[in-house]
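Down below is the structure, laid out as structure tokens.
Every read-out reported here was derived from the displayed coordinates using simple, explicitly stated rules and does not represent laboratory data. Quick caveat, the model's predicted, so the values are computed rather than measured. FYI the Cβ positions are ideal-geometry reconstructions off the backbone, even for glycines, and counts take in every protein chain you see.
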Amino acid sequence: MSLFEEAGKKFEEAKRTFVDGKEAEYVCRSCEKPVSENYEYCPHCGEETVEPVA
Ligand SMILES: [Zn+2]
């Protein structure tokens, strides 16, 4: 991998949020952690604040 490609990859990672290697589609409004599914209760803090990423 060239230095340029590596820098571009890091930029992509920085502007996206991933959960278990996948792009997170949901986030908890309470603790602001990304989650991979639309959980009824946040697996991190237990609050009912999981919402789709805008
Ligand atoms: Zn939470």
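Amide H to amide H, with H built 1.01 Å from N, Val27 comes under 5 Å of Val35, Glu51, Val53, counting only residues 5 or more places away or on other chains. Descending by average beta-carbon neighbour count within 10 Å, the peptides 44-54, 25-35 line up as 25-35, 44-54, the highest first.
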